[in-house]
1. Once each part is reduced to its C-alpha centroid, what is the distance from the stretch 286-306 to the stretch 189-241 in angstrom?
2. Please give the length that would be gained between Arg179 and Lys292 if that part of the chain were fully extended, namely 0.36 nm times their separation in residues minus their C-alpha to C-alpha distance (nm, one decimal).
3. Need the C-alpha centroid separation for the stretch 378-392 versus the stretch 420-451, integer Å.
4. In units of 2.2 N^0.38 Å, what is the alpha-carbon radius of gyration of the stretch 1-42?
5. Normalising by the residue count of the chain, find the relative contact order in percent from Cα pairs under 8 Å and 6+ residues apart.
6. Where does the stretch 3-201 land on the Kirkwood hydrodynamic radius, alpha-carbon pairs, in angstrom?
7. Lysines near Lys363 by alpha-carbon distance under 16 Å, same-chain residues fewer than 8 away left out - which ones?
8. Between Gln385 and Leu102, what is 0.36 nm times their sequence separation minus the Cα-Cα distance? Round to one decimal in nm.
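Coordinate-derived values only; no laboratory data. Remember, predicted model here, so these are calculated numbers, not experimental data. Please note: Cβ atoms are built from the backbone with ideal geometry, for glycine as well, and neighbour counts cover all protein chains shown.
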Amino acid sequence: MKKVGMGVDFDPLHRGHIHLIKEAKKIGEVYAYINADYTAHHAPPFLSFEARKEICESLGVEAVPVTGLHYRLPLSYTVPIRIHLLANDGITDIMDAAASHLPREEIFRLARKFAEKEMLMGIPRDWPDRNLIRWIAANELYGLKHKKKMDYHITPTYKIDNETVSGRYIRKAILENGRITAPVRHLIPSQTEKVIERELREGNVQKGRDADTLMHVANRYSKSKLLKLANINVDAAEKIVAGRPYEREDQLLFPLRRAGYQHVLSNLAISCMEKKVTRKDVAQLIDNYSKKGITPKDQKMENLIERAYFVARASQKMDANLADSVFRAGIDDFWEERYDEISSLSGVEAEKIRSLRKGLQYKAPPESILAGVKLRFPDLKRIDQNTICDITTRGSDIMAEFRVPNQVITGMLRLPAEEVTFLRYLLDSQLVPIACNVEMPEGKTRVRISYGLTR
């Protein structure tokens with residue numbers, strides 16, 4: 001008997017999901033891998049996992065909890081891990097619903113192409129089938145590495161009255177009205193209706209976040225401490241500090257939007273603040289899956305470091321955003337001078353890529369950076385090799401914070417422009433952990449900056 005898996009929120013399970021389940025049952029036994037603790041949009045669920053499991057069981061579907069991912073990692077980083085979870089449990093087939101725009105054959109051709117390159121991050125952002133291609137590519141890549149590729153099935157997104165059924169609309173309508181209204185009842189099966197009505201009566205709907213911890217982090221963490229958290233970049237840390245004080249979660253959306261975070265990434269940043277998820281925590285998680293052969297090459301920590309270094313060097317000759325697009329489109333192709341291939345994925349003109357390549361030779365990122373620091377003489381006398389040191393920013397400058405008794409001493413780092421840019425991109429990577437310590441070569445105060453887990 002075939003085992004059909006699907007990666008879902010089911011929050012709540014609606015008629016679109018019923019269609020998906022019916023299609024899956026035509027193939028075999030159905031297993032729903034439900035994001036239990038945080039949804040794929042990095043928010044606490046509307047219904048508990050137990051409530052969603054109850055609905056699944058009433059429909060003849062086995063519910064499997066997926067935890068520990070969506071409050072730590074961007075959605076794209078969870079895909080290869082979830083593929084691994086399905087394959088490792090003996091799932092033979094995957095059922096997915098998508099409003100695909102490209103022919104099925106083209107979607108699978110592109111997915112195989114990205115899988116062969118171990119690229120899940122280089123799929124152009126403006127491709128309408130981007131997420132579907134990423135899922136299929138992750139499955140293809142897993143098959144190449146572990147010889148356990150599952151058959152991937154796509155069914156069209158289910159519509160009622162020519163509109164896609166939206167879980168977000170259902171949740172919003174129920175929360176606003178405190179009950180299931182007639183339009184919502186039209187969109188959910190009786191099994192879901194029964195469970196939601198009970199959960200509403202018992203006050204178990206939309207439990208929310210740990211507000212005390214979230215507000216403590218939002219109001220009390222220094223900028224340097226915020227920058228140790230995963231999925232917080234420099235601009236976000238600055239905007240959060242400037243917008244204090246906060247009393248509610250929704251007030252954090254404003255500084256994050258000002259920092260360029262869209263809704264889903266804002267949810268992820270807030271989740272990391274709530275759970276105090278550090279960059280080091282995430283780096284260790286990625287490293288653990290890398291050692292198991294789960295993480296693709298372009299999501300490994302060393303690739304993020306190489307990307308920051310490449311963009312820092314290339315931005316002297318090309319706009320930084322274009323340089324980043326070139327790297328994401330396939331850095332190996334860049335060094336091997338496959339300009340048309342890079343151009344087709346990055347949107348950067350092939351001639352510009354050619355010109356950049358001619359002026360740029362391969363150079364590995366430094367293992368660490370030794371920086372000078374601008375400090376007043378009285379402050380220098382209070383710092384030694386045991387002084388705790390952190391990295392922060394002030395405008396365009398990168399600063400070191402030295403924690404001495406009853407005081408924090410701040411000094412600007414002295415570095416070549418390229419290394420300043422490199423460090424800035426590492427800080428903005430949102431995932432690469434950065435650490436520093438004081439060194440005293442020949443009695444001079446220096447700051448040794450390391451990044452990643454082994455550097």
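1. Between the Cα centre of the stretch 286-306 and that of the stretch 189-241, the gap is 27 Å.
2. 36.1 nm
3. When both Cα centres are located, 14 Å separates them.
4. Normalised Cα radius of gyration, the stretch 1-42: 1.20.
5. Taking the mean separation of contacting Cα pairs over the length of the chain, I get 15 percent.
6. Values: mean 1/r = 0.0572 Å⁻¹.
Answer for the stretch 3-201: a Kirkwood hydrodynamic radius of 17.5 Å.
7. Candidates past the 8-residue exclusion: Lys317.
8. Numbers: separation 283, 0.36 × 283 = 101.88 nm, distance 5.92 nm.
In short, 96.0 nm is gained.
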